[in-house]
1. Place +1 on the Cβ of every Lys and Arg and -1 on the Cβ of every Asp and Glu in the chain, take the dipole about the Cα centre, and give the residue among Cys95, Thr218, Thr154 whose Cα lies farthest towards its positive end.
2. Run lengths n ≥ 4 of DSSP H only: what is the helix-derived mean residue ellipticity at 222 nm for the chain, with -39500 (n - 2.57) per run over all residues, to the nearest 500?
3. Using only alpha carbon pairs under 8 Å that are at least six residues apart, calculate the relative contact order of the chain and give it in whole percent.
4. Expected output is a single nm value to one decimal: the length gained when fully extending between Gln10 and Arg111, i.e. 0.36 nm times separation in residues minus the C-alpha distance. What is it?
5. Count the DSSP beta bridges whose two residues both fall in the chain, then state the antiparallel fraction as a percent rounded to the nearest 5.
6. Go through region 10-77 and name the trypsin sites (Lys or Arg not before Pro) that are in a DSSP coil and have 12 or fewer other Cβ atoms within 10 Å of their Cβ.
7. In whole Hz, what ³J(HN,Hα) sequence does region 179-184 give by Karplus (6.51, -1.76, 1.60; θ = phi - 60°), x for Gly and Pro?
8. Run the simple label-point estimate for Thr218 and Glu48 please: 7 Å along Cα→C-beta, distance reported in nm.
Amino acid sequence: MLIGILECGQTSPDWIEEHGEMAAPFPPFLRTADASLDFTVYKAHRHELPAHPEGCDAWLITGSPSSVHERLPWQPALSDFLRAAALCRPVIGICFGHQLMHDALGGEVQRSDKGWGIGVQDYPLDVTPDWAPDDLPDDNTFRLIALHQDQVTTGAPGTKVLAGNGFCPFGITTIGDNVLTIQAHPEMTTRLARDIYESQRAEQGKEATDAAVQSLQTRIDSLPAAHWVLAFLRHRMVRLNDHSPSAY
């Protein structure tokens, strides 16, 4: 399987040596579930987009330091590409990618009046789709690293909420048949999360930052999340090849 990663932001030059570019965590994250996966990266934030949506077996949109409602010059072309890709390929959206997919497909994204969503957050499952793998977390709840101010407030038409919480109701969603989105960062390492939280301490506040950093020592369900993403991609690739609709 060849997964095209659409990178949506530039890592600070001071951080690249230790943490890599924004797309860097995704191959090791997904290879924990399947070591044979191949990846190619497109720097969408630099106007680098694939020639056509059939160029990879699946697509993944990364997080970003930018906001969906900044409407930066590179965002409209990426949204156009994603609308086309969602018709013929499975698409995964992570954090900014989650928000951008809902925005591109007719939903709404707003700056949350609840403040920053940081630290390891619980996302209890409301729906278990038929493609879900057997190795779900024991308590039927994903615990994942969060880092966002914006969030989806109205899902795009065709949205099904798989998991959420009081702070972030649209935590894990599908949109139509071919799109899976996750507000949290299942790919993020605890080291990267800690460094980001500490760098934003003045914005987030001491109490919230301390709690977020402490939470990184608790259970994080990155491996189950990787299996979920891969299960969705394989399920949709089979269905798209069969030209048959998905079902719950």
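1. Thr154
2. That calculation yields -9500 deg cm²/dmol at 222 nm.
3. About 21 percent, as a whole number.
4. 34.2 nm
5. 55
6. Here the trypsin sites (Lys or Arg not before Pro) that fit, given the DSSP loop and packing criteria, are Arg71.
7. Each residue of region 179-184 in turn: 10, 10, 10, 9, 5, 6 Hz.
8. For Thr218 paired with Glu48, the spin-label model returns 3.8 nm.
Bear in mind that the values in this text are calculations on the coordinates, not laboratory data. These numbers come from a predicted model, not from an experiment. A quick note on method: Cβ atoms are made from the backbone with ideal geometry, for glycine too, and the neighbour counts reach across all protein chains shown.
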